[in-house]
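The values are calculated or read from the model by the stated rules, or taken from the named source; none is laboratory data. Remember, predicted model here, so these are calculated numbers, not experimental data. As a convention, Cβ positions derive from the backbone with ideal geometry for all residues, glycine included, and neighbour counts pool all protein chains shown.
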Amino acid sequence: MKFSRVVLVDMDDVVAGFYTEAYKRIQKLDKNINAHKKSSSYFFEEEYPKYTQEIRDIFHSVGFFANLPIIKGSLEGWQKLLDNGYDPVFCSSPLLTSPYCIEEKKQWIKENFVPLFGQSVLDRAILTRHKHREKGIALIDDKPEIYNSESAQWMHILFESEFNLDSDNTHRISGWNDDRLLGYLEIARENYINNHGGNEL
């Protein structure tokens, strides 16, 4: 594998609508919760401390991760990466306290991406809490701060979401159809080759 072509892709709120589904369920707890307002926190429990346990129960429920809606443009975005010579690989952090999360993430990939892109998309998917250890030129992720990213080989491309608009990350895209994506990937690949070499297998 030539890692100088690998683009790591997060799942939640990059291809799978975690935020949308979570708000839909949280609104059932309180009709006054506004799903369209700008969130001030990456963590729902911090945003709505009154419902901490109920929110945790939602994220730990059967079927939550398996039934997340697909984000508009995700399939086209994956195809765009392939068409431009890149090698996209899922790299997602599982909720380890959920007994269902890992298998449901795999199920989600199987149902939404395998039919178009083949079994290898699922076979190569990385589910880890240590994304900084994975090789690739870039990580497309909605989380503003990635743990230990300063030691990672990849460049973080921020996938904008409601809660991360205040991030100071200058490499950011507003969606899969953002024209800046390919330009950022060119920069990321040049950086990777300069720092790590481009001919490794």
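Yes/no matrix, rows are residues, columns are (1) of a type in the set (A, V, I, L, M); (2) touching a residue at least 40 places away in the same chain (Cβ under 8 Å):
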site: Val7; (1), (2): yes, yes
site: Glu21; (1), (2): no, yes
site: Glu47; (1), (2): no, no
site: His60; (1), (2): no, yes
site: Gly77; (1), (2): no, yes
site: Val89; (1), (2): yes, yes
site: Leu96; (1), (2): yes, no
site: Lys106; (1), (2): no, no
So Tyr147, is it surrounded by fewer than 17 Cβ atoms within 10 Å (Cβ to Cβ), at negative phi and among the aromatic types (Phe, Trp, Tyr): yes
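Hey, any hits in the stretch 138-151 for a residue that's more than 16 Å from Asp12 (Cβ to Cβ) and in contact with a strand residue (DSSP E or B) (Cβ under 7 Å, 6 or more places away or on another chain)?
yes
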Residue count, the stretch 43-66 (criterion: under 16 Å from the mean Cα position of the chain (by Cα) and loosely packed, with under 14 Cβ neighbours inside 10 Å): 1
Breaking point among (1) in a loop (DSSP other than H, G, I, E, B); (2) farther than 26 Å from Asp57 by Cα; (3) acidic (Asp, Glu), for Glu186: (1)
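Of everything in the stretch 30-63 that's acidic (Asp, Glu) and part of a helix (DSSP H, G or I), which residue is modelled with the highest pLDDT?
Asp57
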Positions within the stretch 141-163 being in contact with a helix residue (DSSP H, G or I) (Cβ under 8 Å, 6 or more places away or on another chain) and in contact (Cβ under 8 Å) with a residue 24 or more places away in the chain, in sequence order: Asp141, Gln153, Trp154, Met155, Ile157, Ser161, Glu162, Phe163
Condition broken by Pro99, with the remaining ones in (1) in a strand (DSSP E or B); (2) exposed (fewer than 14 other Cβ atoms within 10 Å of the Cβ); (3) not β-branched (Val, Ile, Thr) satisfied: (1)
Residue satisfying condition, being within 27 Å of Ser61 (Cβ to Cβ), among the basic types (Lys, Arg) and touching a Pro at 6+ places or on another chain (Cβ under 8 Å), within set Lys143, Lys105, Lys110, Lys131: Lys105
Any hit, the stretch 157-180, residues being assigned by TED's automatic domain parsing to the domain that holds Gly77 and within 17 Å of Phe3 (Cβ to Cβ): yes
